[in-house]
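Okay, so here's the structure we're looking at.
The values are calculated or read from the model by the stated rules, or taken from the named source; none is laboratory data. What you see is a predicted model; the values in this text were computed from it and never measured. Using ideal geometry, Cβ is built from the backbone for each residue, glycine included, and neighbour counts are taken over all protein chains shown.
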Amino acid sequence: MEVRFHVGVPDEERTEPQRLLITIELTHDLGASGTADSLAETIDYFAVCQAVKALGQTRSWKLIEALADDICMLVLDQFSPSVVRVAVKKFILPDTRWVSVEMIRPAKNRRAPTAEHRQHDLPRIP
């Protein structure tokens, strides 16, 4: 989902919202929803997106790592998947397409996140 949140280490970077691309993947037992074809038996993805958008209107973050962690905790607390993976892409640095962080949190081990940081470099154009 594409959002505009206040993120950045310097205070002046957080004055205006920045374009971010957030990907959320959930692991959940989908057997009942597949059999019943019922939204009540699964996670409402629209509700997940609305909750994340609402979170972004309530505060700012210095690091996209902290934003990813807050999204993981929100989704685990409100929607109860067995695992949540959140990737956040930020389009701020020159000579890069984006910088990103990916965080995976299993419900059973919320306080032991893993994070993978990637910076995607573009070739310099003379």
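What pairs can you find where one residue is in the stretch 50-68 and among the charged types (D, E, K, R), the other is part of a helix (DSSP H, G or I), and their Cβ atoms are less than 6 Å apart, with a gap of 6+ or different chains?
Pairs found: none.
Is there any pair with a first residue in the stretch 9-23 that is in a helix (DSSP H, G or I) and a second that is modelled with pLDDT of 95 or more and of a type in the set (K, R) whose Cβ atoms are under 6 Å apart and which are 6 or more apart or on different chains, and what are they?
none
Please work out which residue is nearest to the chain's Cα centre (by Cα), limiting yourself to the stretch 27-59 and to residues that are surrounded by 14 or more Cβ atoms within 10 Å (Cβ to Cβ) and at pLDDT 95 or above.
By that ranking, first place goes to V52.
If I filter the stretch 74-89 for residues that are at pLDDT below 95, in a helix (DSSP H, G or I) and of a type in the set (D, E, K, R), do I get at least one hit?
Within the stretch 74-89 (the criterion being at pLDDT below 95, in a helix (DSSP H, G or I) and of a type in the set (D, E, K, R)), the answer is yes, since at least one residue qualifies.
Tell me yes or no: at least one residue of the stretch 111-126 is touching a strand residue (DSSP E or B) at 6+ places or on another chain (Cβ under 8 Å) and at pLDDT 95 or above.
No, the stretch 111-126 contains no residue that is touching a strand residue (DSSP E or B) at 6+ places or on another chain (Cβ under 8 Å) and at pLDDT 95 or above.
Applying the selection to the stretch 40-64, what residues are in a helix (DSSP H, G or I) and within 16 Å of R4 (Cα to Cα)?
Those that are in a helix (DSSP H, G or I) and within 16 Å of R4 (Cα to Cα): C49, Q50, A51, V52, K53, A54, L55, G56, I64.
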